Amino acid sequence: MSERIGTTCVQGGWRPGDGEPRQVPIYQNTTWKYDTSEHMGRLFDLEESGYFYTRLANPTNDAVAAKVAELEGGAAAMLTSSGQAANFFAVFNIAGAGDHVVASSAIYGGTYNLLAHTMGRM
């Protein structure tokens, strides 16, 4: 990382083009407009990159994820809507059917239920 950490915290993950804002714009919308349903279908089927529904992806979240990846020295990062969703993805991506997860007995009750019951059925 050639920048100081404070600079990366403020400017990381966003490389504005000429005439674009220095900081990441916050897109406060839920959907994007397209002229054809075929174009939106290609986005939905992940045949093209772009945005169509903010719960799945949006430019603000993508910039924040890029900032986190840059700060942590990773190739990519992922934002989730809650800590529980983050717990799910963390375990789901490293454990497989029949694997065992060892956890403290003092973990949050929802996380216990996720590990002991929900993921156990998967």
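Quick note: the coordinates plus some simple rules give every number you see, no bench work behind them. Note that the structure is a prediction, hence the values are computed from the model and not measured. Note that each Cβ is placed from the backbone with ideal geometry, even for glycine, and that neighbours are counted across all protein chains shown.
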Kindly provide the GluC sites (Glu not before Pro) of the range 17-73 that DSSP labels as loop, not H, G, I, E or B, and whose Cβ sees at most 16 other Cβ atoms within 10 Å. 47, 48
Taking the Cα centre of the range 44-111 as origin and charging only Cβ (+1 Lys, Arg; -1 Asp, Glu), how large is the dipole, in debye to the nearest 20? 300 debye
Whole-Hz Karplus couplings 3J(HN,Hα) for the range 73-88, θ = phi - 60° and coefficients 6.51, -1.76, 1.60, Gly and Pro as x, run x, x, 7, 7, 9, 9, 9, 10, 7, 7, x, 5, 5, 5, 4, 4
For residue 76 and residue 54, extending 7 Å from Cα along the Cα-Cβ vector and measuring point to point gives, in nm, a value of 2.3 nm
As I understand it, the value is the acute angle between the Cα axis of helix 59-72 and the longest principal axis of the Cα atoms of the chain; what does it come to in degrees, rounded to 10? 60 degrees
Out of 8, 100, 24 - ranked by how far each Cα lies towards the positive end of the dipole of the chain, with unit charges on the beta-carbon of charged residues - the top one is 100
A correct Karplus calculation of ³J(HN,Hα) over the range 91-108, with 6.51 cos²θ - 1.76 cosθ + 1.60, θ = phi - 60°, whole Hz and x for Gly and Pro, returns 6, 4, 7, 10, 10, x, 4, x, 6, 10, 10, 9, 9, 4, 6, 9, 6, 4
Not counting the cut sites, what is the longest span of the chain without trypsin sites (Lys or Arg not before Pro) that DSSP labels loop and that have at most 12 other Cβ atoms within 10 Å? 56-122
Helix-only [θ] at 222 nm, the chain, -39500 (n - 2.57) per DSSP H run of 4+, per residue, nearest 500, equals -10000 deg cm²/dmol
Distance between Cα centroids, the range 3-29 to the range 90-122: provide it in whole Å. 36 Å
Measuring from its Cα centre, the chain shows a charge dipole (+1 at each Lys and Arg Cβ, -1 at each Asp and Glu Cβ) which, in debye to the nearest 20, is 420 debye
Computed label-point distance, nm, for sites residue 38 and residue 20 using a 7 Å Cα→Cβ extension: 2.9 nm
Under a plain spin-label model, where a point goes 7 Å from the Cα along Cα-to-Cβ, how far apart in nm are residue 86 and residue 105? 2.7 nm
